[in-house]
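Shown next, in structure tokens, is the structure this report addresses.
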Amino acid sequence: MNSGQLLKIVEQYSRKSETGYGDITITRVPDQKTVFVEQFDGIGRAVMMDKYKVDGATYWAGYSSRSETVYIRLAAQTGR
């Protein structure tokens, strides 16, 4: 998944709080994370997260192709 596709998912999540995007699951993770360790079939896998800005808010998001999940967290809100 490229950063443009991930940005579209983050935009949809931020505006509609939807937990899915087609076959992809969206999961909110605790704040303060830029790396999330996903447990899948008993194995831990690090999912690196990148910064995205949407409507004045900063989000961090990363995609796992293994579980087809986008992990997302809200970093900060400004102007709201």
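See the values below:
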| read-out | value |
| --- | --- |
| Hits in the range 2-27 - residues which are of a type in the set (Ser, Thr, Tyr) and either outside any helix (DSSP H, G or I) or within 16 Å of Asp55 (Cα to Cα) (or both) | Tyr13, Ser14, Ser17, Thr19, Tyr21, Thr25, Thr27 |
| In the range 1-22, the residues that are acidic (Asp, Glu) and at pLDDT 90 or above | Glu11 |
| Number of positions in the range 18-64 that are hydroxyl-bearing (Ser, Thr, Tyr) and touching a Lys or Arg at 6+ places or on another chain (Cβ under 9 Å) | 6 |
| First in the range 46-58 and closer than 11 Å to Val10 by Cα and touching a residue at least 24 places away in the same chain (Cβ under 8 Å), second anywhere and part of a strand (DSSP E or B) and among the hydroxyl-bearing types (Ser, Thr, Tyr), Cβ under 9 Å, 6 or more apart | Lys51/Thr58; Lys51/Tyr59; Tyr52/Thr58; Tyr52/Tyr59 |
| Search result, residues across the range 30-65 that are out of contact with any Ser or Thr (no Cβ under 9 Å at 6 or more places or on another chain), assigned to a loop (DSSP other than H, G, I, E, B) and either exposed (fewer than 11 other Cβ atoms within 10 Å of the Cβ) or modelled with pLDDT of 90 or more (or both) | Pro30, Asp31, Gln32, Asp41, Gly42, Ser65 |
| Some residue of the range 33-55 being acidic (Asp, Glu), under 11 Å from the mean Cα position of the chain (by Cα) and closer than 14 Å to Arg73 by Cβ | yes |
| Criterion violated by Leu74 - all others in (1) in a strand (DSSP E or B); (2) modelled with pLDDT of 90 or more; (3) not aromatic (Phe, Trp, Tyr) satisfied | (2) |
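The values are calculated or read from the model by the stated rules, or taken from the named source; none is laboratory data. The structure displayed is predicted, hence computed values, not measured ones. Using ideal geometry, Cβ is built from the backbone for each residue, glycine included, and neighbour counts are taken over all protein chains shown.
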